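Reviewing the structure listed below.
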Amino acid sequence: MPYDLTVNGQHHRVDADPSTPLLWVLRDHLGMTGTKYGCGIAQCGACTVHIDGTPARSCQVPLESAAGVNVTTIEGLSPDSSHPLQQLWVEMNVPQCGYCQSGMLMAAAALLSKIPNPTDQDIDSYVDNICRCGTYPRVRAAIHKAAAGSKA
Amino acid sequence: MGTMPNLSRRQFIVTAAAVGGGMALSVVPAEAAFLGTEPWAASDGLAGAEFSPWISITPDDVVTVRVATPEIGNGVMTQTPMTVAEELACDWSKIRAEFAPTSRDYRENGVYAPGNSPTGYFSGRSTSEDRMKLLLQVGASARERLKTAAAATWKVPVSEIGAKDSVLTHTPTGRTLRYGEVAAKAATIKLDVEPTPKPQSEWTLLGKATPTKLNNADIVNGSLIYGMDVRLPNMVYAALRQSPVHGGMLKSYDAEKVKSMPGVLAVVTVDPRETPGLAMKSGAPFGYGDTHARSAVAVIAEHYWQARKALDALPVEWDDGAGAQWKSTEQMVDAAIAALDKPSESIEKATGDARLIDSQDKIVEAVYVTPFSDQAPMEPLNSTALVTADRVDVWHPGQQSRQAFWVAADEAGMDPSKVFYHQTFIGGAFGRRIFGDDLRMAVAVAKKFPGRPVHTIWSREEQTRQGKYRPLVATKLRAGLDKTGMPAAFIAHQATKGHFPRLADTPYALGCIPNVRVDAQELPFHVITGAYRGPGYNSYAFMIETFIDECALAAGMDPLEYRLKLFAKWPDPGWTKVLKEVADKSGWGKTLPKGAGQGIAIANWGMNGKPQAGTTVGVVATVEVTKSGILKVHQIDAAFDCGRVVNHDAALNLVQGGLIFGLNMALNEEMNVKDGRMVEGNFDQYPILRTGDTPVVNVHFGGLSGHDRFAELGEPPAGPVGPAIGNAIFRATGKRIRSTPIRKHDLSWA
């Protein structure tokens, strides 16, 4: 049956099995491939999106419960890559292969909107995504720098 | 931040030339605003005048550099243009990189990878000597041709022309032309004598600048197209299941049970006996032997989740084959260790007389084991293939695209001239995507469903259990220490499946210990093995560097001093320099509380038997172990010698990442076998460190010897982390770590 979704402020109607994970609705039905498939069991965080501003692992959100909420994906984090984290990620060469970084950015952005000046422990608990390239030190540094920048 | 200006997406387009002509053009969606995100997208007509297969310049000065090294996150698509730009003297903001098409390489007799060298299309080594030479020459040659064209335009001697920032200046009169204004003319000029690239001392970009990577901008908004993100008109999805016991065969399946499920289009099988092959000499750099199809069944559906659900519901039976005899990992490890008692006659290295061990003062002997491990790149394996009667198109996140190109041709039974390989970006590789076996499976599936592009996706569980793993290795090391405590002779017996002859590629076996024998034997395991970041090295660095620590202990010497003494006569000063740097910066020898300790290790990847080659990495790990046995790695310090670096921040990024990779390999990674099947399927069973688990990682640059090489940095850092931690644990607890993963050891102490 068709479901009405709001993704990055845009309305979409998707006709798919109600159990289809939001991850695959985004990637496959809506063609928004920025949200990545990494594990499918909410372990890696590559599929992190915001649902009504809260980070969620979209591989665990069935289509039927994604209807009627506001979904924000990496494509909608900012209209022009101007989010401070996006700018710092570029400037500080955070990514290596980059595959996990959509999810990293979404997790980090959610953290900063909740805790504008996070401690290392805050980062550890909110940004627990897996990066096989080992970009963690730069992820941490970029989040701290973004926090410092927003205070200035 | 680097010294280069920030570059907007518009200025910086990372893309790749079309290999499929009109077909590829037609699949680029009109709304794809950012050309650079799809690396196979056509640039024909955009690139301008072609100076050589490597470089083109448009009338508006845009320089297109073609890169024959797939981007796996190591920055090759930024480093390669930097090297060209050094000699081209162009405005860095006018450069765009694109992928050097593998299909063109074939059509034009190896223009990008002459001689079928394994590194010809390999994703690493962008700063290897041959590549640097080639790329600097490409830049210098184009610059001289631009100058010659300007001189002809003004009818003045070439010697009066200067070139800088994409502008040609007639020095005596101050007249100027932009590169783009003479590019068409310059591209037709043939120089009588090729220019000599300038000496390194005059470099302004290499070794000086650390620009942001060209594809960063497309990563941070999710627009970069990895293999997983390929979207084509009429594309369908396949979910794949291969024999859970490697080498087993599909016995039966019941397609009727799933045929009516939503979206299901077909249930197809892959039979390794059905590979048609090519009646011509293969150009696959690694051959086809490591790429065989695996017996499999796949469900094809309109959407991936439909295919996945139907596959999960599909009744399937397998003939497990011979692999089922291996009931447990323990049984395999026992078999490997037992094999060490009957050493092989297959000698890998023999110097002097290793039998002298028995006449020495002391004998040190130990057995070490490292397990099967999965590369676990974040992007699960996947490939897209469109098979028609007269051509095959493939979209593939491949680490060695020439290899994959030939594998695709072999599986399709299609002449390579009709195979069009579209390189995508790659979500991590670490050796898993070198052989093209993933693409073979996708072609095998797609040829059963011709006429529509089929995107075959391995679930994380499927990828993890259908690996090409780092091999399980058991090694017995035995050394005789002379009166001074130094090893006079040593023997290494190795037993493994899928052997990498790397153990002897260390100064210990190449002169520092006078009498050496290294042998190896293959074990009859069914588990499929392959390349994993630093093949062979990733096990042997752990074994040898733990063993050297044991020798130092037996000699009653400090492990740092022991190594310095061993390397005293080694003709590569980098080893000593690295050791001293990392010891100094880590505070080696400082007093630590009970339960804490430091460990040191040093190893080199890439020396291939000679000093002053490859990259040497020294690590000091600082750890603490609670009485109940909980390990905390507080800090990793590393120094390295790759000779010189051309890009400080890129080097730092790779070494940081490689150390963290090595840390996870040592602490966590192990693939187990039960009744022939691989046990672990996902990250809940195959743990990977996260931000909060990662210690302070300090990379020190004071170990660089300045030797004239720019050796690789991807593999080397992964080797010495594990032994440094194991040696630190020994100093903290008295418990010697002779196998990984370390998390399985009881580290409790009293």
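Each value in this text was obtained by applying a stated rule to the coordinates, not by laboratory testing. Since the model is a prediction, treat every value here as computed from it, not as a measurement. Using ideal geometry, Cβ is built from the backbone for each residue, glycine included, and neighbour counts are taken over all protein chains shown.
Filter the trypsin sites (Lys or Arg not before Pro) in the stretch B:84-135 to those in DSSP coil with at most 15 other Cβ atoms within 10 Å of their Cβ, and list the result.
Passing both the DSSP loop test and the Cβ count: no residue.
First check a/c for the stretch B:520-665, with a ≥ b ≥ c the square roots of the eigenvalues of its C-alpha gyration tensor; if it is under 1.5, answer rounded, and if not, answer prolate when a/b is larger than b/c or oblate otherwise.
Here the stretch B:520-665 falls in the rounded category.
Trypsin sites (Lys or Arg not before Pro), restricted to the stretch B:362-418: which are DSSP loop and have at most 14 other Cβ atoms within 10 Å?
When the trypsin sites (Lys or Arg not before Pro) of the stretch B:362-418 are filtered for loop state and at most 14 Cβ neighbours within 10 Å, nothing remains.
Express as a percent, rounded to the nearest 5, the fraction of DSSP beta bridges in the protein assembly as shown (both residues included) that run antiparallel.
The antiparallel proportion sits near 75 percent.
Tell me the relative contact order for the stretch B:556-750 as a rounded percent, counting alpha carbon contacts under 8 Å between residues six or more apart.
For the stretch B:556-750, the relative contact order is 32 percent.
Can you divide the C-alpha Rg of the stretch B:22-220 by 2.2 N^0.38 Å and report the result to two decimal places?
That ratio works out to 1.04.
Once phi is turned into ³J(HN,Hα) by the Karplus curve 6.51 cos²θ - 1.76 cosθ + 1.60 with θ = phi - 60°, what whole-Hz value does each residue of the stretch B:584-590 show in order, with x for glycine and proline?
These are the phi-based 3J(HN,Hα) values: 5, 6, 8, x, 3, x, 5 Hz.
Put +1 on the Cβ of each Lys and Arg and -1 on the Cβ of each Asp and Glu in chain B; which of B:L510, B:G692, B:Y112 then has its Cα farthest toward the positive end of the dipole?
The residue sitting most towards the positive pole is B:G692.
Regarding chain B, what is the average projected area of its C-alpha convex hull, in nm²?
Computing the convex hull of the Cα atoms and averaging its projections yields 33.9 nm².
Projected onto the charge dipole of the protein assembly as shown (+1 at Lys/Arg Cβ, -1 at Asp/Glu Cβ, origin at the Cα centre), which of B:M228, B:P573, B:P416 gives the Cα projection farthest towards the positive end?
Result: B:P573, furthest along the dipole toward the positive end.
Quick check: the distance between the Cα centres of the stretch B:139-217 and the stretch B:434-455, to the nearest angstrom?
The stretch B:139-217 and the stretch B:434-455 have Cα centres spaced 45 Å from each other.
Work out the FRET efficiency for B:E317 and B:V679 from their Cβ-Cβ distance, taking R0 = 22 Å, and round it to the nearest 0.05.
The calculated FRET efficiency here is 0.60.
Computed FRET efficiency, Cβ-Cβ of B:K133 and B:N608, R0 25 Å: what is it to the nearest 0.05?
0.85
Between the stretch A:15-75 and the stretch B:226-302, what's the alpha-carbon centroid distance in Å?
Here the two parts' Cα centres lie 27 Å apart.
Assuming R0 = 56 Å, what is the FRET efficiency of B:T626 and B:E50, from their Cβ-Cβ distance, to the nearest 0.05?
So, using R0 = 56 Å, E works out to roughly 0.30.
Per q in 0.19 Å⁻¹, report the Debye log10 I(q)/I(0) for the stretch B:139-185, using one uniform scatterer on each alpha carbon and no solvent.
Listed by q, the Debye log ratios stand at -0.46.
Report, to one decimal in Å, the Kirkwood hydrodynamic radius for the stretch A:2-76 based on all distinct Cα pairs.
11.8 Å
Work out, in µm²/s and without decimals, the Stokes-Einstein translational diffusion coefficient of the stretch A:84-151 at 25 °C, 0.890 mPa s, Rh from Kirkwood over C-alpha pairs.
Once the numbers are plugged in, D ends up at 211 µm²/s.
Relative to the Cα centre, what is the charge dipole magnitude of the stretch B:556-750, using +1 at the beta carbon of each Lys and Arg, -1 at the beta carbon of each Asp and Glu, and rounding to the nearest 20 debye?
For the stretch B:556-750, the charge dipole is close to 640 debye.
Loop only by DSSP, 11 or fewer other Cβ within 10 Å of the Cβ. Give me the trypsin sites (Lys or Arg not before Pro) in the stretch B:224-331 that pass, ordered by residue number.
In loop regions of the stretch B:224-331 (DSSP not H, G, I, E or B), the sparsely surrounded trypsin sites (Lys or Arg not before Pro) are B:K281.
Given the -39500 (n - 2.57) contribution per DSSP H run of 4+ residues, what per-residue ellipticity at 222 nm results for chain B, rounded to the nearest 500 deg cm²/dmol?
It comes out at -7500 deg cm²/dmol, rounded to the nearest 500.
Over chain A, consider all pairs of different Cα atoms and compute the Kirkwood hydrodynamic radius from their mean reciprocal separation; express it in Å, one decimal.
15.6 Å
Rounded, prolate or oblate for the stretch B:556-750? Axes are the square roots of the Cα gyration tensor eigenvalues, ordered a ≥ b ≥ c, and the cut-off for rounded is a/c under 1.5.
The shape class here is oblate.
Lysine pairs in the stretch B:490-585 8 or more apart or on different chains: how many have alpha carbons under 19 angstrom apart?
Step by step, the pairs that qualify in the stretch B:490-585 add up to 5.
In nm, give the distance between the simple-model label positions of B:T119 and B:R175, each being 7 Å from the Cα along the Cα-to-Cβ direction.
Computed distance between label sites B:T119 and B:R175 equals 4.5 nm.
Give me the percent of Cα-Cα pairs in the stretch B:46-137 that sit more than 24 Å apart, rounded to a whole number.
14 percent
Using a basic spin-label model with each label point 7 Å from the Cα along Cα→Cβ, how many nm lie between B:H292 and A:N70?
5.7 nm
Relative to the present Cα-Cα distance, how much length would full extension add between B:H648 and B:K190 at 0.36 nm per residue of separation?
The span from B:H648 to B:K190 would gain 161.3 nm if fully extended.
Mind listing P(r) for the protein assembly as shown? All alpha-carbon pairs, 20 Å bins, whole percents.
15, 46, 33, 6, 0
Once you put a point 7 Å from the Cα of B:E160 and another 7 Å from the Cα of A:S113, both along the Cβ direction, what distance in nm separates them?
For the pair B:E160/A:S113, the computed spacing is 6.4 nm.
Specify the longest stretch of chain B that does not include any exposed loop site, a site being one of the GluC sites (Glu not before Pro) with a non-H, G, I, E, B DSSP assignment and at most 13 other Cβ atoms within 10 Å.
B:346-750
When a footprinting reagent is the concern and you count Cβ atoms within 10 Å, what order do B:M77, B:M557 take, fewest first?
The order, fewest Cβ neighbours first, is B:M557, B:M77.
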